[in-house]
1. Answer with yes or no whether ALA120 is under 30 Å from THR182 (Cβ atoms) and surrounded by 13 or more Cβ atoms within 10 Å (Cβ to Cβ).
2. Is it fair to say ALA324 is hydrophobic (A, V, I, L, M, F, W, C), more than 20 Å from the chain's Cα centre (by Cα) and buried (at least 20 other Cβ atoms within 10 Å of the Cβ)?
3. Just wondering, is there one or more residues in the stretch 206-217 that are in a helix (DSSP H, G or I), crowded, with 21+ Cβ neighbours inside 10 Å and at negative phi?
4. In the stretch 84-95, what residues are surrounded by 19 or more Cβ atoms within 10 Å (Cβ to Cβ) and either touching a residue at least 60 places away in the same chain (Cβ under 8 Å) or of a type in the set (Ser, Thr, Tyr) (or both)?
5. What are the residues in the stretch 169-186 that are buried (at least 16 other Cβ atoms within 10 Å of the Cβ) and part of a helix (DSSP H, G or I), if any?
6. Got a number for residues in the stretch 299-345 being out of contact with any Lys or Arg (no Cβ under 7 Å at 6 or more places or on another chain), closer than 19 Å to ASP286 by Cβ and part of a helix (DSSP H, G or I)?
7. Applying the selection to the stretch 120-147, what residues are under 24 Å from the mean Cα position of the chain (by Cα) and among the hydroxyl-bearing types (Ser, Thr, Tyr)?
8. Considering only the stretch 139-159, I want to know if a residue exists there that is assigned to a loop (DSSP other than H, G, I, E, B) and closer than 20 Å to THR228 by Cβ.
Amino acid sequence: MSARLRNERARDALLLTLVLTGSAHTAVAQTFKIGLIDFYGLHRVSEQDARRALTLAEGDTLSLAGDEPPAFLAESERRLARLPGVVSARASIVCCEGDRLIIYVGVEERGGATMQFRAAPTGTARLPADIVQAGDDFSAAFMAAVQRGDAAEDDSQGHALFHDPATRAVQERFVDYAARDTDLLRRVLGESSSADQRALSAQVLGYVVDKQAMVGDLVGAMSDASETVRNNAMRALVVFTRMTPTATQAVPRIPYDSFIGLLHSLMWTDRNKSSLALMELSERRDPELLAKLRKEAIEPLVDMARWKNDGHAMPGLMLLGRIAGWSDDATRAVSGSDQREDVIRAALAAR
């Protein structure tokens with residue numbers, strides 16, 4: 001992945017955090033325009049029927065405040081779930097189409113693939129106060145950096161280190177905490193009843209020196225009940241794949257089955273992060289991985305490749321290009337045009 005695309009991914013993820021958390025959990029409403037509404041999971045239900053069921057449309061102005069999902073999203077989900085053939089739906093606010101928001105709407109149709117996540121744990125394990133404080137410090141520094149337009153990061157050590165000095169300083173504290181409290185972090189990730197603490201544990205475990213030793217814990221966290229925990233675990237694993245190997249440490253070996261499974265998730269973050277991971281993992285065109293994607297994941301990849309936002313569509317399109325035997329350069333060349341359909345047709349023919 002190019003440094004530009006990687007930085008755009010970081011910017012989008014953080015601006016999404018700003019939107020959904022209202023920056024420091026502020027109660028002050030902010031208004032945003034909807035630039036795009038796009039779908040995934042629609043194979044029997046028509047997009048026209050799905051759009052009519054929504055309580056919002058492209059061009060509408062949204063008012064967002066606090067850290068709770070807006071009520072109008074929940075109402076759209078309820079109305080979609082009442083459509084014939086629909087089991088459930090999930091609408092997500094994502095940044096950005098220019099200066100406007102994107103709404104991604106996932107639909108689970110009757111008889112379609114479903115994802116089952118494990119029940120949330122009930123344990124009492126908790127992180128020490130200094131790690132919790134570091135998590136808060138990271139969020140504040142991270143948001144401030146993105147608002148300044150500084151989202152560049154260095155992944156060469158197998159963990160993210162941002163160009164922004166304040167954010168990087170917190171991440172360097174993560175390295176120390178990960179070495180000091182590895183066992184506790186693993187226990188919190190697997191046992192804590194607090195989703196926030198499990199999510200922070202997944203993030204900090206990405207900074208352990210022995211990356212390979214953490215792969216099992218992080219892959220296990222990909223079935224967590226919380227989408228934020230799953231997101232942080234996948235994010236850490238993706239960064240592992242970008243490590244520059246050294247004489248003493250190889251790039252970690254990461255199994256791909258769980259990522260393929262999450263391409264069928266109703267949650268947009270699951271599909272987004274798993275497709276990014278699979279784009280990294282398939283870079284060398286492992287024939288077994290491409291065959292599995294061809295057999296098990298064509299439909300969700302086609303959904304993604306047809307999204308109107310070029311950046312969000314790219315991982316799905318790139319994976320379809322590799323399935324079809326296209327070069328990455330050839331796939332990139334058509335990514336912003338109607339010729340995307342040529343890649344999609346070629347991948348479907350390969351199936």
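The values are calculated or read from the model by the stated rules, or taken from the named source; none is laboratory data. Source: prediction; values computed, not measured. Here the Cβ positions follow ideal geometry from the backbone for every residue, glycine too, while neighbour counts run over all protein chains shown.
1. On the way: under 30 Å from THR182 (Cβ atoms): yes; surrounded by 13 or more Cβ atoms within 10 Å (Cβ to Cβ): yes.
Yes; evaluated as a whole, the condition is true for this residue.
2. Values: hydrophobic (A, V, I, L, M, F, W, C): yes; more than 20 Å from the chain's Cα centre (by Cα): yes; buried (at least 20 other Cβ atoms within 10 Å of the Cβ): yes.
In short, yes.
3. First, the residues of the stretch 206-217 that are in a helix (DSSP H, G or I): 211-217.
Narrowing the set further to residues that are crowded, with 21+ Cβ neighbours inside 10 Å leaves 211, 214.
The next check asks that each one be at negative phi; those that pass are 211, 214.
Yes: one or more hits.
4. Start the filter on the stretch 84-95 by keeping residues that are surrounded by 19 or more Cβ atoms within 10 Å (Cβ to Cβ), which leaves 86, 89-95.
Across the stretch 84-95, the qualifying residues are ALA89, ARG90, SER92, ILE93, VAL94, CYS95.
5. Within the stretch 169-186, the first condition is being buried (at least 16 other Cβ atoms within 10 Å of the Cβ), and the residues that meet it are 170-171, 173-175, 177-178, 181-182, 184-186.
If the condition is that a residue be buried (at least 16 other Cβ atoms within 10 Å of the Cβ) and part of a helix (DSSP H, G or I), then VAL170, GLN171, ARG173, PHE174, VAL175, TYR177, ALA178, THR182, LEU184, LEU185, ARG186 are the ones that fit.
6. Final tally of qualifying residues: 10.
7. Selection gives SER139 alone.
8. The first filter runs over the stretch 139-159 and keeps only residues assigned to a loop (DSSP other than H, G, I, E, B), leaving 148-152, 155-159.
Those left that are additionally closer than 20 Å to THR228 by Cβ: 151, 159.
There is at least one residue in the stretch 139-159 that is assigned to a loop (DSSP other than H, G, I, E, B) and closer than 20 Å to THR228 by Cβ.
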